[in-house]
Amino acid sequence: MEEKIYGYWLPIDISTHGHVIDWLINWLHVFMIALFVGWGVFFVYCLVKFRKGSNPHATYDPVKGKVSKYVEIGVVIVEALLLVGLSMPLWAQFKNDFPDPANAQVVRVVAEQFAWNVHYGGKDGVFGRTAPQFVTSDNLLGLDPDDDAGKDDFNAINTLHMVVDKPIIVHLSAKDVIHSFKVPVLRLTQDVIPGQEIKVWFEATKTGTFDIACAQLCGLGHYRMRGQLVVESEEAFKTWFDEQASEIETGEDDFF
Amino acid sequence: MAEHSHNDSHGHHELGFWRKYLFSIDHKVIGIQYTLTALLFLLLGFSLMMMMRWQLAYPGQPMPWIGKLFGNTNMPEGIMVPEFYNQLGAMHGTIMVFLGVVPLAVGGFGNYILPLQIGAPDMAFPKLNMASYWVFACGGVVMLISFFVPGGAAQSGWTSYPPLANLATMGQTIWLIGMVFLITSSLLGSVNFIVTTVQMRVEGLSFFRLPFFVWTQFVTAFLLLLAFPPLEAAGVLQLMDRIAGTSFFLPSGLVVTGQLLEVAGGGNPLLWQHLFWFLAHPEVYVLILPALGIVAEVIANNTRRPLWGYRTMVYSVIFLGFMSFIVWAHHMFMTGMGTTISTFFQTTTMIISVPSVIILTALALSLHGASIRFTVPMLFALAFIPMFAIGGLTGLPLGLTASDLHLHDTYYVIGHFHYVVAPGTIFALFAGIYYWFPKITGRHMNTVLGKLHFWFSLIFMNGIFMPMFFVGMAGVSRRLYDQTQYAYGAQVQGLTAMGSWSAWMLGLAQIFFIVNFILSIRGGKKVESDNPWDATTLEWATPTPPPHGNFPETPVVYRDPYEYSVPGSDKDFLPQHVPDSGNSTSEPASADD
């Protein structure tokens with residue numbers, strides 16, 4: 001894959017919702033530049049034409065004309081259209097139209113200074129119960145040792161594996177301070193707030209390995225709180241998943 | 001009691017050095033105290049940033065020469081540690097906003113100019129005014145001390161979000177105490193500004209004859225008065241969390257570095273964000289409105305014609321003031337906000353852009369038909385307009401939740417608000433300094449140095465902030481000690497290095513200003529009249545510099561603030577306090593000026 005992922009403008013978009021965002025960002029900038037240039041031409045024209053040397057006597061009466069009024073009304077209409085036509089529907093879809101968990105992957109991501117714990121439900125697909133008092137260096141997720149559902153769970157630290165072309169629901173929570181789960185290629189930012197669980201969903205359309213970043217200052221290691229998003233085919237994911245799951249069974253890994 | 005009350009026989013009693021220059025109750029001395037203190041803090045805040053820019057441009061490399069001065073804790077072998085980087089970041093923001101721009105725009109210009117422009121002998125409460133400055137100065141000292149406590153200064157960003165700020169080192173406690181001082185100072189000041197504007201306008205100076213600058217200060221005072229108390233409360237709550245074991249902002253069950261945190265719990269970190277931004281969004285307009293006021297004064301004076309749509313501009317400023325209280329949560333779109341709240345806040349955010357557009361349009365239309373004098377203050381005021389426009393326009397993609405999904409908390413945000421505040425507000429403040437300097441000192445600042453200062457500042461400001469839009473668009477988060485940790489950050493590292501070089505060059509360009517400012521106080525060209533710019537507003541009707549009590553005779557106002565180039569008038573300006581002369585339709589008035 002030779003396509004350049006990152007550059008000086010938007011990175012490539014591998015999400016199903018991102019094209020609307022890109023369309024909005026790009027056209028918004030066209031609109032902004034058009035306004036600025038149009039307005040700037042008038043500005044420079046005035047500076048040249050009405051400099052003291054060229055126009056020694058100012059006009060007392062205000063300049064007449066409706067152009068500025070039309071421009072202002074135009075700005076209001078464009079803003080209203082973008083707001084009602086694009087931004088609100090996209091946000092509503094993003095926030096409310098969650099995929100059916102039966103047809104989607106579900107993972108938990110637990111942020112901490114300065115790592116992303118990615119909690120998979122294991123073979124049974126059920127997340128074990130977690131609680132803060134169970135957290136140890138061997139049990140970063142704080143899985144309850146008495147809960148059988150958690151026996152096959154595993155924690156892929158800083159690596160989120162997901163299947164391409166299949167929606168994924170991520171339950172985000174934090175152990176200590178506020179973090180923010182950001183994946184530029186997915187056009188996604190979501191604060192992760194201790195004391196709350198916030199879910200987001202997305203669907204990736206391209207395979208590959210991409211950066212996950214922390215977007216909210218979380219301490220001295222904020223800058224290196226980097227995770228990897230691995231988007232892969234169903235088969236590759238299954239291979240990886242089985243490998244992780246069997247490590248748990250054979251006790252190679254200490255996670256409960 | 002030998003003490004003279006300020007309202008008897010102005011200006012003729014001798015005060016000792018302490019009462020005259022340090023504990024003065026004269027609004028002009030207090031204004032100068034604010035101005036000088038704020039300029040020093042601006043320089044300090046900018047210096048912190050110039051240090052950070054080294055780490056940003058050359059991550060992990062030792063800083064030549066200067067690095068060694070900061071000791072092994074902060075910069076072992078000249079290499080900045082992340083903790084120190086975060087301190088510099090948090091304190092840059094705090095100092096620039098609370099100790100630099102606001103004190104200069106409101107405490108400095110507001111104090112000095114507002115009473116003069118309304119023809120008042122002083123502020124309504126001169127002692128309160130002095131208290132306001134000294135409480136501010138205490139806040140400044142407390143903030144400075146915080147660098148020297150164990151663990152260094154606050155390092156959780158100028159926004160101090162809990163739980164991070166709750167867990168931070170002692171510097172955060174000092175920061176909170178400092179903020180309580182600064183907020184108290186602003187509250188004392190704002191009450192004074194409101195009462196002074198309402199009560200102390202001279203005869204004939206109705207609200208719609210007020211200079212636009214007074215309007216902006218008046219609205220700003222309301223913003224300070226109403227928005228700061230929630231932050232003061234929030235600051236005290238966070239202080240209690242840190243020193244008294246409360247948990248206003250701490251939820252239960254936090255596990256920090258593997259240890260269960262022993263706190264009461266049950267709090268909510270988002271509460272802080274709501275309280276903080278309920279202040280801090282109006283605060284944005286506290287930074288902008290006085291700047292708009294200065295720009296309007298300078299533009300009216302140097303276009304030699306009335307402002308286009310003065311009343312529209314006044315209504316827009318009032319509307320901006322109201323709206324600024326109901327947009328705060330657009331800073332929090334990514335906190336997990338649902339559709340109802342986000343709909344409300346993105347709608348109000350779009351609405352608030354309208355009055356800003358109207359004001360900028362009015363300023364631009366004022367140029368059409370003008371006779372523009374390109375004085376140094378005018379250059380800064382003119383540059384303010386496109387710079388502020390860039391800042392405003394780039395707010396649009398951030399104000400819509402959909403595009404904000406990608407841009408939130410990236411360098412795009414940093415670029416956006418710096419365009420508003422740095423080449424925006426700070427340019428306006430420079431315009432104000434160059435414009436009113438002759439009234440305050442009786443001398444002009446040097447024009448050549450002023451123009452060098454202007455052009456280099458304009459170029460390098462853009463060199464710093466324009467690349468940030470591209471860095472942010474690429475996805476780079478703000479507040480990163482080293483963006484090259486990420487593939488997309490490494491990709492745009494060149495732009496960040498360019499920004500750093502621009503910042504250092506901008507620092508050099510300020511030498512023109514500093515030299516000009518200091519030398520002109522005693523060595524500048526003397527003004528030839530009390531009204532060297534041929535201006536119309538009342539501050540120019542005073543002797544130069546204005547004596548204690550300001551006006552030898554209380555002026556009376558006869559007309560609108562910007563009566564330039566009135567047809568049929570022999571001069572191209574008619575000051576507000578000069579009665580109509582014979583060539584107008586009214587009766588000849590006794591010419592006693």
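The values are calculated or read from the model by the stated rules, or taken from the named source; none is laboratory data. Quantities reported herein were computed from a predicted structural model and do not represent experimental measurements. Positions of Cβ are backbone-derived with ideal geometry, glycine not excepted, and every protein chain shown enters the neighbour counts.
Here are a few things to note about the model shown:
- Number of the condition not met by A:Q93 [criteria: (1) surrounded by 13 or more Cβ atoms within 10 Å (Cβ to Cβ); (2) facing chain B (nearest Cβ under 7 Å); (3) not hydrophobic (A, V, I, L, M, F, W, C)]: (2)
- Taking the conditions (1) more than 9 Å from every other protein chain (Cβ to nearest Cβ); (2) of a type in the set (V, I, T); (3) without any contact (Cβ under 8 Å) to a residue 12 or more places away in the chain in turn, A:I33 satisfies each one other than (1).
- Number of positions in region B:56-97 that are within 14 Å of another protein chain (Cβ to nearest Cβ) and of a type in the set (D, E): 1
- Residue within region A:96-106 that is facing chain B (nearest Cβ under 10 Å) and assigned to a loop (DSSP other than H, G, I, E, B) present: no
- Out of A:W240, A:W201, one residue alone is more than 10 Å from chain B (Cβ to nearest Cβ), in contact with a Pro (Cβ under 9 Å, 6 or more places away or on another chain) and modelled with pLDDT of 95 or more. It is A:W201.
- Apart from one condition, B:A370 fits all of (1) under 30 Å from B:G450 (Cα atoms); (2) within 25 Å of the chain's Cα centre (by Cα); (3) hydrophobic (A, V, I, L, M, F, W, C); (4) within 7 Å of another protein chain (Cβ to nearest Cβ); the exception is (2).
- Any hit, region B:369-386, residues being of a type in the set (S, T, Y) and surrounded by fewer than 24 Cβ atoms within 10 Å (Cβ to Cβ): yes
- Residues of region A:50-60 satisfying the condition of being touching a helix residue (DSSP H, G or I) at 6+ places or on another chain (Cβ under 8 Å) and facing chain B (nearest Cβ under 7 Å): A:F50, A:N55, A:A58
- Selected residue (criterion: surrounded by the most Cβ atoms within 10 Å (Cβ to Cβ)) from residues of region B:253-269 that are assigned to a loop (DSSP other than H, G, I, E, B) and out of contact with any Leu (no Cβ under 9 Å at 6 or more places or on another chain): B:T257
- When region B:557-593 is limited to residues that are within 14 Å of chain A (Cβ to nearest Cβ) and more than 37 Å from the chain's Cα centre (by Cα), the one that is modelled with the lowest pLDDT turns out to be B:S584.
- Residue in region B:216-252 that is surrounded by the most Cβ atoms within 10 Å (Cβ to Cβ), counting only those that are hydroxyl-bearing (S, T, Y) and within 14 Å of another protein chain (Cβ to nearest Cβ): B:S247
- Boolean, B:M337 is facing chain A (nearest Cβ under 10 Å), touching a helix residue (DSSP H, G or I) at 6+ places or on another chain (Cβ under 9 Å) and more than 30 Å from B:H453 (Cβ to Cβ): yes
- Residue within region A:91-107 that is modelled with pLDDT of 90 or more and under 20 Å from A:C214 (Cα atoms) present: yes
- Of all residues making up region A:210-219, the number that are within 22 Å of B:L88 (Cα to Cα) and either in contact (Cβ under 8 Å) with a residue 60 or more places away in the chain or of a type in the set (S, T, Y) (or both): 3
- Residue satisfying condition, being facing chain B (nearest Cβ under 9 Å), over 18 Å from B:M378 (Cβ atoms) and assigned to a loop (DSSP other than H, G, I, E, B), within set A:V63, A:V76, A:V71: A:V63
Each row is one residue, and each column tells you yes or no for (1) modelled with pLDDT under 95; (2) buried (at least 23 other Cβ atoms within 10 Å of the Cβ); (3) of a type in the set (A, V, I, L, M).
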residue: B:R311; (1), (2), (3): no, no, no
residue: B:V314; (1), (2), (3): no, no, yes
residue: B:L320; (1), (2), (3): no, yes, yes
residue: B:M337; (1), (2), (3): yes, no, yes
residue: B:I341; (1), (2), (3): yes, no, yes
residue: B:T348; (1), (2), (3): no, no, no
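- Test: residue in region B:393-402 that is part of a loop (DSSP other than H, G, I, E, B) and touching a His at 6+ places or on another chain (Cβ under 6 Å): yes
- Taken together, the criteria place A:V78 among residues that are touching a residue at least 40 places away in the same chain (Cβ under 8 Å) and of a type in the set (V, I, T).
- Here region A:133-167 is the region considered, the condition is being within 14 Å of chain B (Cβ to nearest Cβ) and on the phi > 0 side of the Ramachandran plot, and the residue that is surrounded by the fewest Cβ atoms within 10 Å (Cβ to Cβ) is A:N158.
- Filtered residue count, region B:253-289, keeping only those that are within 11 Å of chain A (Cβ to nearest Cβ) and either in contact with an Asp or Glu (Cβ under 7 Å, 6 or more places away or on another chain) or β-branched (V, I, T) (or both): 4
- Positions within region B:394-413 being crowded, with 24+ Cβ neighbours inside 10 Å and under 20 Å from the mean Cα position of the chain (by Cα), in sequence order: B:T394
- Taken together, B:Q199, B:Q117, B:Q217 contain a single residue that is of a type outside the set (G, A, S) and more than 22 Å from B:T35 (Cβ to Cβ), which is B:Q199.
Each row is one residue, and each column tells you yes or no for (1) in a helix (DSSP H, G or I); (2) crowded, with 23+ Cβ neighbours inside 10 Å.
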residue	(1), (2)
B:M63	no, no
B:F70	yes, no
B:E83	yes, no
B:M91	yes, yes
B:M96	yes, yes
B:P103	yes, yes
B:L114	yes, yes
B:A131	yes, no
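- Entry remark, region A:1-30: residues being within 9 Å of chain B (Cβ to nearest Cβ), in contact (Cβ under 8 Å) with a residue 12 or more places away in the chain and out of contact with any Leu (no Cβ under 8 Å at 6 or more places or on another chain) number 4 in total.
- Helices (runs of 4 or more DSSP H) fully within region B:151-247 counting 3 or more residues that are under 21 Å from the mean Cα position of the chain (by Cα) and within 27 Å of B:L320 (Cα to Cα): B:171-199, B:212-243
- Listed by position, the helices (runs of 4 or more DSSP H) contained in region B:419-500 that have at least 1 residues being closer than 29 Å to B:S520 by Cβ, within 14 Å of chain A (Cβ to nearest Cβ) and touching a Ser or Thr at 6+ places or on another chain (Cβ under 9 Å) are B:447-473.
- For B:V135: the one exception among (1) surrounded by fewer than 24 Cβ atoms within 10 Å (Cβ to Cβ); (2) more than 23 Å from the chain's Cα centre (by Cα): (2)
- Region A:117-132, residues that are within 14 Å of chain B (Cβ to nearest Cβ) and within 30 Å of A:L220 (Cα to Cα): A:N117, A:T130, A:A131, A:P132
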